[in-house]
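The values are calculated or read from the model by the stated rules, or taken from the named source; none is laboratory data. Treat the numbers as computed from the prediction; the structure is a model and nothing was measured. Every residue, glycine as well, gets a Cβ built from its backbone with ideal geometry; the counts of neighbours run over all protein chains shown. In case anyone asks, the SASA skips ligands and DNA or RNA and just uses the protein heavy atoms, side chains included. Shrake-Rupley method; radii C 1.70, N 1.55, O 1.52, S 1.80 Å.
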Amino acid sequence: MERNLKNVLVISFGFLLLFTAYGGLQSLQSSLNSEEGLGVASLSVVYAALILSSMFLPPILIKKLGCKWTIAISMCCYIAFSLGNFYASWYTLIPTSVILGLGGAPLWSAKCTYLTIAGTSYAEKAGKNAKDIINQYFGVFFLVFQSSGIWGNLISSLILSQSSTKVEISEEDLECCGAYNCLTDTTNTTGSAKPSKSLIYTLLGVYTASGVLAVLLVIIFLDQIKSDQAETEKEKLEAPSFWSTFLATFRHLKDKRQCLLIPLTMYSGFEQGFLSGDYTKVYVTCALGIQYVGYVMICFAAVNSLCSLLFGKISQFTGRKLLFALAAVTNTACIIALLLWKPHPKQFAVFFVFPALWGLSDAVWQTQTNGLYGILFEKHKEAAFANYRLWESLGFVIAFGYSTKLQAYIKLYILLSVLVLSMVTYGAVEYLEAKSSPGTPTATMKESGRPLSQETCM
């Protein structure tokens, strides 16, 4: 157990260091690189490249390099993005955004595959339920990982705080804040002065160093892992062709359960995109000022991190259905409240209640959906987790794509509709599982004669 736990912690803290840098940079792109929309364009390119990467790179890299070296090399792609920000232009930031996007899918797929194999391996040796161990591992990971939002925002706030200026917001402008926002981007800009070059370089230097430490941590301390020695030897003798691995992600869609999980997976991108792109703009920045955005996101990250550990632990007692129901009810309540609420500085505490509740729900979406993929598709983890990143990224792309085109209330209605659809299709997945294997573990069901969905994925 000590060795498995060590590896889980190495991956967790590696991702913490890496996404402390990337998360901080992501939230600052629209302000640091605002000329001609360069920052927003770079984020769009990141997720578009991530979709392309999800289609073919994860199975290839994981099979050729193994999970450890896939993680290490993919992390270097994120460092390239940090370096591109030192001299941000269309010729530096867009190419490094493509590099980051291409490395994103292999990074997350390798992480998910590693944790699933480690959990299954330990469960077999200890005679425990693999599902429970996998959920615990993902809970530990997301406890550590989600705190990156705290450190990334804190670092940027401490370094850039002297450059921010407070702007008085009139009562007339406050009337336009919220779901029915009526301020233009020009009117809604707080006019904060752009930080000096020295401060920007200091921040980017800290972020780059954090990414380098993440790579070194993985290379030095993470053990290489093999799911099955015989399977590994077979792969050496029968190297899959490029097109065979390219199509593995789409072949996995022959599994009806994977298709039914698409709305739930895309919803993860929708809800995260709304909080970071819309809630912070039309509620927090509009009513309080841009200087409070970092603190609001720290609240979200802190609750998310703590709840990730909690839900990873208690899922073995409550089951995933109850946790998904809790997240759905909480998110629905938040969406309805945001449609009705008129934000005002006098209601200061309320601005932090919403991200806290959002963090609770997101902790369920992240830990339980990742764990669900690992449990349902244990034999085809690489293709399954590649699908996860593909559809979640598509959710981000759509959310960012209509971000500047639609008012907040329309986005909230879209979010609510996708959530309802997600819960219906997720319920269908649970029904199929119960119908196929009543009273037996999922692993038994996989061996009980469903060749079409299981044997044609890869």
(message) For the stretch 420-435, give me each residue that is of a type in the set (A, V, I, L, M), over 26 Å from the mean Cα position of the chain (by Cα) and more than 20 Å from residue 253 (Cβ to Cβ).
(response) 434
(message) Pairs needed: first member in the stretch 325-343, closer than 14 Å to residue 282 by Cα; second member anywhere, among the β-branched types (Val, Ile, Thr) and exposed (fewer than 15 other Cβ atoms within 10 Å of the Cβ); C-beta distance under 9 Å; at least 6 residues apart or different chains.
(response) 341/350; 343/350
(request) Kindly indicate which of 342, 346, 313, 321 is open to solvent by 20 Å² or more (accessible area, probe 1.4 Å) and closer than 16 Å to residue 179 by Cα. (result) 342
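Only one of 72, 105, 179 is within 25 Å of residue 379 (Cα to Cα) and either free of Cβ contacts under 8 Å to residues at least 12 places away in the same chain or more than 18 Å from the chain's Cα centre (by Cα) (or both). Can you tell me which?
Only one candidate qualifies: 72.
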(request) Output the residues belonging to the stretch 160-204 that are within 25 Å of residue 411 (Cβ to Cβ) and either outside any loop (DSSP other than H, G, I, E, B) or at pLDDT 75 or above (or both). (result) 172, 173, 174, 175, 176, 177, 178, 179, 180
(message) Here is a check on your reading of the model: is residue 317 without any contact (Cβ under 8 Å) to a residue 40 or more places away in the chain and part of a helix (DSSP H, G or I)?
(response) yes
(request) Kindly provide the set of residues from the stretch 409-424 that are open to solvent by 70 Å² or more (accessible area, probe 1.4 Å) and closer than 17 Å to residue 327 by Cβ, ordered by number. (result) 417, 420, 421, 424
(message) Can you tell me how many residues within the stretch 239-262 are open to solvent by 20 Å² or more (accessible area, probe 1.4 Å) and either at pLDDT 85 or above or of a type in the set (Gly, Ala, Ser) (or both)?
(response) 7
(message) Could you check the stretch 285-326 and list, in sequence order, the residues that are among the polar types (S, T, N, Q) and closer than 30 Å to residue 162 by Cα?
(response) 285, 291, 304, 305
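Can you say whether residue 273 is at positive phi, out of contact with any strand residue (DSSP E or B) (no Cβ under 6 Å at 6 or more places or on another chain) and modelled with pLDDT under 85, as far as the supplied structure shows?
No; evaluated as a whole, the condition is false for this residue.
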